[in-house]
Amino acid sequence: MSLHGRDVISIRDLSREEIEEILASSRKMVPYAEGKKVTHPLDDQIVAMAFFEPSTRTRLSFESAVQRLGGSCITIADAAASSMRKGESLYDTIRMLSGYAEAIVIRHPNEGSARLAARASDRPVINAGDGAGQHPTQTLLDLATMQEAFDTLSGLRVVLLGDLKYGRTVHSLAHALALFGSEIVLSAPPTLGLPDEVLERLEHMGAKITAEPDLHKAVRDADVLYVTRIQKERFPDESDYRKVAGSYRIDASVLRDAKPRLIVMHPLPRAGEIAPEVDDTPHAAYFRQAFLAVPVRMALLNAVLGGAKKGG
Amino acid sequence: MVRELKITPIKNGTVIDHITSGLALDVLRIINIQSLDKDSTVSVAIRVRSGKLGWKDIVKVENMELSPRKVNAIALITPRATISIIRDFKVQEKRTVDLPDRIIGVLRCPNPNCITNQPEPVESEFEVTERHPVILQCAYCDRRVDSFLSQLA
Ligand SMILES: Nc1ncnc2c1ncn2[C@@H]1O[C@H](COP(=O)(O)OP(=O)(O)OP(=O)(O)O)[C@@H](O)[C@H]1O
Ligand SMILES: [Mg+2]
Ligand SMILES: [Zn+2]
């Protein structure tokens with residue numbers, strides 16, 4: 001596969017065909033991710049987890065993915081305890097790490113850190129989140145969730161709800177939806193809309209984008225309701241925050257007029273954006289979405305590393 | 001022409017002409033005159049009449065040739081400037097300040113959280129994504145930059 005040996009830093013590094021290949025492979029990985037079947041294309045290979053910022057679910061799903069593929073992991077999970085504390089640069093740390101593993105998965109608080117890591121490393125680097133920047137595997141698993149539910153990524157009507165300004169996951173997701181020709185409906189409070197820069201780029205791609213701040217109206221014809229967290233820190237005062245957060249809360253009444261097949265997605269962890277009563281409806285897709293992180297990351301790791309056996 | 005030359009003819013050096021009026025001092029900052037020979041004369045003309053621009057600034061520096069980096073920095077803030085190399089009082093070579101596709105080490109990324117603003121052993125790097133007007137994009141964090149004066153490294 002063309003992804004062999006490549007860095008994956010941004011979803012924009014991947015073509016539509018490459019994304020399709022990863023998603024197709026991810027579907028085949030599901031029984032292996034569940035532990036029902038066994039495979040080990042990464043036999044004898046080591047993947048370094050360089051997590052310079054706390055992240056339980058992303059790190060664990062990557063570690064699970066590596067191990068389900070028969071590989072093993074070495075992990076920096078606590079930046080404070082690592083050499084970074086002694087003032088070693090990220091560049092040097094990654095340079096060193098690239099001598100210990102066949103690939104590096106990095107999470108770091110600074111934007112652009114993953115590209116720097118890719119330059120420092122002569123092994124492939126996968127970005128697992130660089131500050132407010134990119135997080136391409138999140139987008140891949142979001143797409144996998146939609147594709148599993150609808151068997152297509154084209155012609156869907158996807159509502160992006162909540163903080164569209166700072167939420168990095170929605171920027172990459174919007175790009176991918178535009179790439180596949182799905183319709184994007186933006187539903188955000190006035191101060192948390194999509195940045196102009198992102199909007200311009202999407203329009204340039206010929207994306208179908210509309211805005212519908214009213215949640216009830218946005219939900220009516222939607223196939224996907226993608227909910228993001230609205231963070232308290234984004235508001236100057238607490239009462240503004242509570243008003244906005246309250247008007248974007250998903251519960252049974254919001255979903256009453258929804259299409260029967262509507263799915264509700266959320267990158268998790270949620271903080272009150274989705275009422276627990278939604279969990280038991282057929283609309284709830286967020287736990288499936290969290291599970292799909294493993295087969296999707298397996299598919300990506302396999303594409304980047306598979307067949308790259310030592311001496312072969 | 002003769003009126004321009006009244007500034008100070010130089011034997012050997014560089015003339016940066018057609019600088020957007022008002023930016024001569026910024027060009028001097030890019031040149032970093034502290035780094036020049038102590039006996040190099042630097043003359044500056046601000047608000048000179050010019051057919052092309054209405055008004056322009058001119059900077060003339062003795063015994064100096066600009067590094068490609070400095071030329072890039074000048075191109076970013078005043079893209080219509082011309083650079084003439086003077087040898088033995090004559091214009092040896094004259095060229096416009098063309099921007100390359102990548103700008104390395106000239107600007108700071110305006111994103112304070114960009115990894116290039118951390119103590120890392122790398123230089124800033126921008127891709128020129130548009131030329132009229134110039135828009136750059138950080139090769140690390142993707143931040144777009146369309147005003148350069150305040151970001152000169
Ligand atoms: N010996 C010199 N000392 C100082 N400046 C000089 C000298 N010779 C030329 N210059 C300056 O160098 C620049 C280029 O010289 P040139 O003779 O090509 O000017 P020009 O005919 O006015 O061309 P342009 O179209 O670029 O204005 C001008 O700004 C000119 O004033
Ligand atoms: Mg002239
Ligand atoms: Zn940057």
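Interface burial in the range A:160-203 reaches 30 Å² or more for A:Glu197, comparing the full protein assembly with the chain by itself; accessible area from heavy atoms with a 1.4 Å probe.
Remark: the A:Glu197-A:Glu18 segment gains 61.9 nm on full extension, using 0.36 nm per residue and subtracting the alpha carbon distance. The mean count of C-beta atoms from other chains within 10 Å of the C-beta of residues in B:76-89, rounded to a whole number, is 0.
Applying 1/(1 + (r/R0)^6) with R0 = 56 Å to the Cβ-Cβ distance of A:Ala211 and B:Arg102 gives a FRET efficiency near 0.95.
Over the alpha-carbon set of the range A:264-308, divide Rg by the Kirkwood Rh and report the Rg/Rh ratio to two decimals. Checking Rg against Rh, the ratio lands at 1.19. For the range B:23-76, the spread of Cα coordinates along the three principal axes comes to 33, 24, 15 Å, biggest extent given first. Taking one quarter of the surface of the convex hull spanned by the alpha-carbon atoms of the range B:102-151 gives a direction-averaged projected area of 3.1 nm².
Across chain B, the mean sequence separation of Cα contacts (distance under 8 Å, 6 or more residues apart), normalised by length, yields a relative contact order of 21 percent. By the rule of a C-alpha distance below 21 Å, with chain neighbours fewer than 8 residues away ignored, the lysines paired with B:Lys11 are B:Lys38, B:Lys60, B:Lys90, B:Lys94. Among A:Ile209, A:Ile126, the sequence by solvent-accessible area, most first, with a 1.4 Å probe is A:Ile209, A:Ile126. With a 10 Å cut-off around each Cβ of B:108-114, the average count of Cβ atoms from other chains is 4. Label sites at B:Lys38 and A:Phe150, each approximated as a point 7 angstrom past Cα along Cα to Cβ, lie 7.4 nm apart.
Our summary gives chain A a relative contact order of 21 percent, counting only alpha carbon pairs under 8 angstrom and 6 or more residues apart.
In chain A, the DSSP-assigned H stretches of four residues or longer account for a calculated mean residue ellipticity at 222 nm of -12000 deg cm²/dmol, using -39500 (n - 2.57) per stretch and the full residue count as denominator. Per the Debye formula on identical point scatterers at the alpha carbon atoms of the range A:224-312, with no solvent, log10 I(q)/I(0) at q = 0.16 Å⁻¹ is -0.74. Each listed q (0.10, 0.12, 0.16 Å⁻¹) maps to a log10 I(q)/I(0) for chain A from the Debye sum over equal C-alpha point scatterers, namely -0.56, -0.81, -1.34. Considering only alpha-carbon pairs that sit under 8 angstrom and 6 or more positions apart, the relative contact order computed for the range B:13-96 is 41 percent.
In this view, the solvent-accessible surface of B:Ser67, computed with a 1.4 Å probe and all protein chains in place, comes to about 50 Å². Using only Cα atoms, tell me the angle between helix A:238-247 and the longest principal axis of chain A; keep it within 0 to 90° and round to the nearest 10. Tilt relative to chain A: about 80 degrees.
Shown for the range A:136-290: lysine pairs separated by 8 or more places, or found on different chains, whose C-alpha atoms are under 24 Å apart, numbering 9. Sparse packing (at most 15 other Cβ atoms within 10 Å of the Cβ) combined with a DSSP loop state is found for the following trypsin sites (Lys or Arg not before Pro) in the range B:3-66: B:Lys6, B:Lys11, B:Lys38, B:Lys52. Accessible-area rank, largest first, for B:Val97, B:Val48: B:Val48, B:Val97, with all protein chains present and a 1.4 angstrom probe.
The values are calculated or read from the model by the stated rules, or taken from the named source; none is laboratory data. In this text, all values refer to a predicted model and were calculated from it rather than measured experimentally. Virtual Cβ from ideal backbone geometry, glycine too; neighbours counted across all protein chains shown. Side chains included, ligands, DNA and RNA excluded: accessible areas come from the protein's heavy atoms. Shrake-Rupley method; radii C 1.70, N 1.55, O 1.52, S 1.80 Å.
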